[in-house]
Amino acid sequence: MITKVIAQDKISRVEDLLNDNEKVVIVTHVSPDGDAVGSSLGLFHYLNDSGYEVTIIVPNNFPDFLAWLKGSKDILNAEKYPEYAEKLISEADIIFCLDFNTPKRINQLGPWVEASKAKKVLIDHHPHPLDFCDITISHPEISSTSELVFRLICRMGDFDEISKVGAESIYTGMMTDTGGFTYNSNSPEIYYIIGQLLAKGIDKDQIYANVYHDYSADRFRMLGFMLCERMRIFPEYNAALIWLSKEEQTRFNAKKGDTEGFSNLPLSIKDISFSTFMREDNDMIKMSFRSAGDIPTNSFASKYYNGGGHLNASGGEFFGTLDEAIKIYEKALPEFFNNLKQQTDK
Ligand code: 5GP
Ligand code: MN
């Protein structure tokens with residue numbers, strides 16, 4: 001048995017909603033990652049198999065390394081079909097908001113979701129969720145939204161209704177949000193749940209290969225270039241900074257998802273416990289922060305780059321040039337770590 005993490009009244013309220021309605025939309029955050037897509041598909045398969053009319057809508061496309069997931073081809077990309085996405089959102093009875101904590105994280109879908117008369121259910125594990133849903137299931141202590149979806153379905157008494165493809169989706173989200181169970185993954189219950197998913201017939205080794213052995217040679221050359229030419233170490237702060245310009249990404253034929261995982265790499269260097277990756281995008285610099293231990297990357301992200309996220313993994317968007325983003329970083333680093341030291345010395 002696993003602990004009852006989600007409060008019983010929330011489970012009952014979701015059950016009531018599902019008993020009374022049939023049109024369901026699932027939305028998840030911009031630049032959907034493995035947990036965003038995995039949790040959405042996990043819930044999708046469960047509801048679809050149970051006879052609901054369900055559509056997953058994403059603000060923009062997800063990386064190719066998730067395209068093997070069954071059902072992913074039917075995910076509606078609102079960047080491509082905005083009118084249809086808006087119509088579905090406005091006509092939905094229930095909207096599940098997965099893996100994000102503020103409407104800002106779903107970009108153009110935010111105002112549509114807020115305007116919709118649908119009942120809204122948040123299922124998420126990011127700290128400090130805004131109060132924009134009718135039912136808020138928020139558990140920052142849980143490693144992934146996919147795990148929460150599993151817990152929700154089981155608590156509604158429907159473990160038997162989880163199909164093998166649903167289990168594959170849930171496992172994918174749990175695996176990717178923990179870096180293949182290498183961080184945020186010390187809770188013994190995670191491994192109980194994996195046992196339950198394996199009992200559904202999933203091939204976890206194959207899932208790992210589908211996600212992490214799907215890279216192009218160009219991606220590896222870009223990685224080599226970055227580690228050689230675009231990495232600075234700040235030993236006094238146990239910090240490392242890596243970055244890639246738009247031109248450099250083009251040079252290596254980078255496609256969506258190719259830089260996924262880069263931000264974690266400097267943490268493998270001895271004594272590095274704070275890692276930052278800056279990737280120049282079309283109109284902004286996408287920032288990613290990672291840390292080991294209790295360094296709050298989300299405070300760094302929100303203070304200097306208008307972002308947020310988890311303690312050990314967060315991000316932000318910087319509207320300016322790469323040079324400007326790096327200059328801010330150089331100033332922010334001493335300030336941030338000195339403040340942190342003062343707080344811990346107190
Ligand atoms: P990644 O570095 O993989 O893009 O993002 C890691 C985590 O940081 C995400 O799961 C999300 O919680 C958070 N995050 C990433 N980008 C942003 C952003 O622009 N704003 C906020 N608030 N959080 C972000
Ligand atoms: Mn997540």
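Hey, what's region 206-255 come to in accessible area per residue, 1.4 Å probe, Å²?
Accessible area per residue, region 206-255: 56 Å².
Computed over the Cα atoms of region 217-345, what is the convex hull's projected area averaged over all directions, in nm²?
Over every viewing direction, the Cα hull of region 217-345 projects on average to 7.5 nm².
From Cα pairs below 8 angstrom and at least 6 apart in sequence, can you work out the relative contact order of the chain, rounded to a whole percent?
13
Could you bin all the Cα-Cα distances of the chain into 10 Å bins starting at 0 and give me the percent of pairs in each, rounded to whole numbers?
In whole percents, the pair-distance histogram is 5, 25, 33, 24, 11, 1.
Sort 34-42, 275-283 by the packing proxy (mean of other Cβ within 10 Å over each peptide's residues), most packed first.
Final packing ranking: 34-42, 275-283.
How large are Rg and Dmax for region 8-212 when only the alpha carbon atoms are used, in Å?
15.5, 45
For the chain, what % of the accessible area comes from carbon and sulfur atoms, probe 1.4 Å?
Exposed carbon and sulfur together represent 49 percent of the surface.
What FRET efficiency would be calculated for the residue pair Lys104, Arg13, taking the C-beta separation as r and a Förster radius of 25 Å, to the nearest 0.05?
It comes to 0.50.
What order, most packed first, do the peptides 68-75, 328-335, 148-155 have when packing is the mean number of other Cβ atoms within 10 Å of each residue?
By packing density, highest mean first, the sequence is 148-155, 68-75, 328-335.
Compute from the Cα atoms of region 187-236 the Rg and the Dmax, the latter being the longest Cα-Cα distance, and quote both in angstrom.
18.1, 49
Evaluate the charge dipole of region 217-345 about its Cα centre and quote only its size in Debye, nearest 20, assuming +1 on the Cβ of each Lys and Arg and -1 on the Cβ of each Asp and Glu.
Magnitude of the dipole: close to 260 debye.
The values are calculated or read from the model by the stated rules, or taken from the named source; none is laboratory data. Predicted model only: the values in this text are computed from it and were never measured. Ideal geometry is used to build each Cβ from the backbone, glycine not excepted, and the neighbour counts take in all protein chains shown. The protein model used for the area step is the full one, side chains on, heavy atoms only, and it has no ligands, DNA or RNA in it. Shrake-Rupley method; radii C 1.70, N 1.55, O 1.52, S 1.80 Å.
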